[in-house]
Amino acid sequence: MLKPKQMKAIQLRKLRKIVEYAYRNVPLFKKRFDEAGIKPSSIRTLDDVAKVPFTVKTDLRDNYPLGLLAVPQDRLYALHASSGTTGKPIVVAYTRGDLECWSRLMGRSFDVAGVRKGDIVQNMYGYGLFTGGLGFHYGARAVGATVIPTSTGNTKRQLMLMKDLRTTVAACTPSYMVYLCEASRAEGYMPRTDFALRIGLFGAEPWSEEARKRIEEVFGLRAHDCFGMSELYGPGVAIECDQRNGLHVWSDEFLVETINPDTGEVLEPGKEGELVFTMLSREAMPLLRYRTRDLSRVFEEECACGRYHPRIRRIKGRSDDMLIVGGVNVFPSQVEHVLMNIPGVGDQYQIILSHTDLDRLAVKVETTSDRLNDPKFLKEIQGDLLAVLGINADVALVELGTLPRSEVGKARRVIDLRSKE
Ligand code: ADP
Ligand code: ZN
């Protein structure tokens, strides 16, 4: 395994090359460098990356669809688009080399999670423009596992195939796996005996340690958190090893930094901030210092698994997911963390924001029927939410099965009724 010094040498060599390449081939980067008064040759050490101007999401939107290409269009092997959770889609392009690199990184991620030849991977990420479907597909192929490309939805068929084909690896969004916990019981399966699942590859949205525990208990598998985004090839940027104490970033391809999102100042490792990535060998669409808006922290200590690849903490959410309720910052993932820790609380919840004189945060919580009319239980939930969020939430207990479930794509659990001015 690469030691930090060797890794840093590789990163520096690749960084200098990609900066030169981006400057020569993408007019936006040349313009930004010229405005900042720097040249590619100004980058002599890894720390010099801080001189490079940031690239932001709007740069990709403003150059829609292919204004940031560094290669002639006939060199492209594939195009994808982000799922557009937060606006107009972003188109991303891949050369043959990019697809090979992405597959290799996905293969490494599968390997780290323990997926092997002989495993049967049911890939319930959406196939299509979304990078999740094909990304996980390539990963399964890279390690020589068998892939079943079921894509999203059609839950009854998913469960039938999971049982009949003896699926060993489930790949999907964590919210869908949480949904499968209840759906499998409703369909009369005994998840631990009817299914042969041993590994779960869950990502593409924030989830909590408590959701992990629930999934693992129901299916008897080991769940790994996977992180990525369309702009950075797709999934496969970082994954948890068997220690499951942070996600290893494939730092020979992604130089990771954290910055203060308000000032852009680079933070010391360990401090929470916005993740910024520089892709170290992307051909079709190089990205330098890309601001992800995802909040996390980076730590560089060697992991007990023996890898020195830096780790990022489980992503708390994007800065755009952050809700500001009467001046207090709340992440939906914090609400999930509180709820899933309380026995008797179901897997589904909904956050509703409204404003009359003041901002109000309401949380609908599914509960087992014996608890539905229990005022002490309601108080307990309210108290736990107050302790973590620092604000009062109006909690309503509702029957199991009454809140909307997401069977396709990422979960939508927040309803904001406040008028946006
Ligand atoms: P979109 O930006 O349209 O949702 P993507 O599918 O590219 O399209 O989404 C990438 C985003 O998904 C990341 O920036 C991050 O916010 C979120 N994400 C991906 N993986 C994880 C994960 N393991 N934990 C938390 N959030 C994640
Ligand atoms: Zn590790």
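The values are calculated or read from the model by the stated rules, or taken from the named source; none is laboratory data. Please read all numbers here as calculations on a predicted model, not as lab measurements. Cβ atoms come from the backbone with ideal geometry, glycine included; neighbour counts cover every protein chain shown. Calculation scope for accessible area: heavy atoms of the full protein, side chains included, ligands and nucleic acids excluded. Shrake-Rupley method; radii C 1.70, N 1.55, O 1.52, S 1.80 Å.
Within segment 226-261, restricting attention to residues that are in contact with a Pro (Cβ under 8 Å, 6 or more places away or on another chain) and touching a residue at least 60 places away in the same chain (Cβ under 8 Å), the residue that is farthest from ligand 2 (Cβ to nearest atom) is 228. Does residue 111 count as at pLDDT 95 or above, of a type outside the set (Val, Ile, Thr) and assigned by TED's automatic domain parsing to the domain that holds residue 253? Here the answer is yes, as residue 111 does meet what is asked. Anything in segment 14-29 that is open to solvent by 90 Å² or more (accessible area, probe 1.4 Å) and more than 15 Å from residue 47 (Cα to Cα)? List them, or say none. Residues satisfying the conditions are 17, 24, 27. Restricting segment 327-340 to residues that are in a strand (DSSP E or B) and surrounded by fewer than 20 Cβ atoms within 10 Å (Cβ to Cβ), the residue that is farthest from ligand 2 (Cβ to nearest atom) is 328.
Here is a yes/no grid of residues against (1) out of contact with any Ser or Thr (no Cβ under 7 Å at 6 or more places or on another chain); (2) farther than 23 Å from residue 400 by Cβ:
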residue: 155; (1), (2): yes, no
residue: 159; (1), (2): no, no
residue: 166; (1), (2): yes, yes
residue: 169; (1), (2): yes, yes
residue: 174; (1), (2): yes, no
residue: 178; (1), (2): yes, no
residue: 183; (1), (2): no, no
residue: 188; (1), (2): yes, no
residue: 203; (1), (2): yes, yes
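Residues that are within 26 Å of residue 251 (Cβ to Cβ), within 12 Å of ligand 1 (Cβ to nearest atom) and touching a strand residue (DSSP E or B) at 6+ places or on another chain (Cβ under 8 Å) are absent from segment 94-108 altogether.
Show me the strands (runs of 3 or more DSSP E) entirely contained within segment 78-171 in which 2 or more residues are under 24 Å from residue 287 (Cβ atoms) and open to solvent by less than 40 Å² (accessible area, probe 1.4 Å). Lay out the reasoning, then the answer.
Working: elements: 91-95, 120-123, 146-148.
Answer list for segment 78-171: 91-95.
Yes/no matrix, rows are residues, columns are (1) in contact with a Ser or Thr (Cβ under 9 Å, 6 or more places away or on another chain); (2) modelled with pLDDT of 95 or more:
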| residue | (1), (2) |
| --- | --- |
| 191 | yes, yes |
| 196 | yes, yes |
| 206 | yes, no |
| 213 | no, yes |
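Residues are listed down the side, and each one gets a yes or a no for (1) buried (at least 24 other Cβ atoms within 10 Å of the Cβ); (2) in contact with an Asp or Glu (Cβ under 8 Å, 6 or more places away or on another chain):
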site: 205; (1), (2): no, no
site: 214; (1), (2): no, yes
site: 233; (1), (2): yes, yes
site: 236; (1), (2): yes, no
site: 240; (1), (2): yes, yes
site: 244; (1), (2): no, yes
site: 254; (1), (2): yes, no
site: 263; (1), (2): no, no
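Checked against (1) within 11 Å of ligand 1 (Cβ to nearest atom); (2) at pLDDT below 95, residue 80 meets all criteria but (2). For segment 276-295, give me each residue that is closer than 19 Å to residue 316 by Cβ, out of contact with any Gly (no Cβ under 7 Å at 6 or more places or on another chain) and of a type in the set (A, V, I, L, M). Correct list: 276 only.
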